[in-house]
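Enquirer: Input: one structure, supplied below.
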Amino acid sequence: MFVCPECGRSFPAAGFCTEDGGALASAGDDALLGQMAGSYRITSLLGKGGMGSVYKAVHPSIGSRVAVKFLSQECAQHPSLVERFFAEAKAVNLIHHDNIVTVSDFAWTPDKRPYIVMELLDGSPLSAYMKRVGGLPLGSLCRVVMEVLEGLGAAHQQQIVHRDLKPDNVYVLKSGRVKLLDFGIAKLRPDQGGVSDATRTGSLLGTPQYMSPEQAMGAHVDHRADLYAAGVILFEGATGQRPFPAQTLYELLKAHVEQMPPAPSFLRPDLPPALEAVLLHALQKDPAYRYQSALDFRVAIEQCLPQLPPEAFAPLGDSAPTRPIGSPSLAYSGHAQLPTPHPATPATPFPMGRAHGAAPLATPAPTLPSPYAANALAAPQPHPATRSLSWLWIVLGIVALLLIAWTLAFCGTCVVAAGS
């Protein structure tokens, strides 16, 4: 069977669509292409993941286009996963914010596959820009994170915690606006349709690279876990690498709980000190010492914008940032694991009971810890090749002196012999 990628009409053989003249595409073994999902006909596959797939679909009568997310047939056999899948539709409609993707419907196909209908977005996930460019223009990155925090703030007001915030779930539209995606594992109150076994203490849900320390420990999670994840995104977008590169899941989770991140300004020399302090404040291990609300975090970033030059606000993806002259010879574009500027500094795991019972802090962002200051003031070391040349000249000098001494001694012996 062949399907038109524009209108979704099905045809028995290859050729062109009789409706719009476009070339037909083979449906292969994808039974959803060309089928109806409520009022919409499935036209093409947009993306596929472990739990399901997202398709582009069109309304046959009025031509409106949407995205339809299907839960996989395997996952559809588990009631708890189905409840969690539909929780996304419930969560975004409870929040109803411009920075969160709109969900208009959820239902089942005739063969019992659950799906939700969402707005079709025109743009790219933030992760695509990070992979292409690495360290992003700081001003544009700050504005993206500020819009992320606006969406999170609206969710937190409804007592909804995203719990899986990451660059893949931050969608940057071509207009520059930002949309948050995938509230599938959001933590809801029971009266909002929350699933008890999906939100209980001890569950390890989310993406490990962006997990807060309390989330990594399987402990109680509140809205401050989302703020930590936003801090990790800001760190990665600014430096081109995540704060805790690790080889195993255990090492990664342990680093989130116990280690300090490397100094962002070492990885990104043009990072203003005020923005670095904001970033490190967001990555505090103890939730009581992070920003206590998305609004506080957003305001702190906004206050750093006047310190950035005009070129820092270049559109994302237009050009890769260049390393300032005289800065350390470490590129911050790309996701290569860069060497840390100092040995990993352990941090005492936070006391969970006090952390979650503490009152919000009104203190400003802390100053940089001494290891970061020490690295900032350290004198540049000579290049290894320069040191090798220096030793070579020293050795040659010693050899020359020995030759001169031997020559003088030999000549003196000859003179004495001639006199005799």
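Laboratory data are not the source of any read-out in this text; all were calculated from the coordinates shown. Only a predicted model underlies this, so the values are computations on that prediction, with no experimental measurement involved. Cβ sites come from the backbone with ideal geometry, for glycine too, and all protein chains shown count toward neighbours.
Enquirer: Dipole of segment 78-146 (Lys/Arg Cβ +1, Asp/Glu Cβ -1, origin at the Cα centre): which of Val144, Ala107, Phe85 lies farthest to the positive side?
Expert: Val144
Enquirer: Please give the contour-minus-distance gain from Gln73 to Ala13: 0.36 nm per residue of separation, less the Cα-Cα distance, rounded to one decimal in nm.
Expert: Working: separation 60, 0.36 × 60 = 21.60 nm, distance 2.78 nm.
Gain on stretching Gln73 to Ala13: 18.8 nm.
Enquirer: Let me ask something else about it. State to the nearest 20 debye the size of the charge dipole of segment 20-119 about its Cα centre, where the only charges are +1 on K and R beta carbons and -1 on D and E beta carbons.
Expert: 40 debye
Enquirer: Obtain the radius of gyration and the Kirkwood radius of segment 78-146 from its C-alpha atoms and give Rg over Rh. Don't skip to the answer; put the middle values down first.
Expert: On the way: Rg = 16.3 Å, Rh = 14.7 Å.
That ratio is 1.11, to two decimals.
Enquirer: What does the C-alpha gyration tensor say about the overall shape of segment 20-119? Classify as rounded when a/c is under 1.5, otherwise prolate if a/b is larger than b/c, or oblate.
Expert: Verdict is oblate for segment 20-119.
Enquirer: Right, next: On full extension of the chain, what length is gained from Thr102 through Lys174, given 0.36 nm per residue of separation minus the C-alpha to C-alpha distance?
Expert: Contour length minus the Cα-Cα distance gives 24.2 nm.
Enquirer: Something else about it: Measuring from label point to label point, each 7 Å out along Cα→Cβ, what is the Gln158 to Ala400 span in nm?
Expert: 8.0 nm
Enquirer: For the residue pair Ser124 and Ala314, what label-to-label distance in nm results when each label sits 7 Å from Cα along the Cα-to-beta-carbon direction?
Expert: 1.4 nm
Enquirer: Using R₀ = 30 Å, calculate the FRET efficiency as 1/(1 + (r/R₀)^6) where r is the Cβ-Cβ separation of Asp222 and Arg65; round to 0.05.
Expert: Efficiency at R0 = 30 Å is approximately 0.20.
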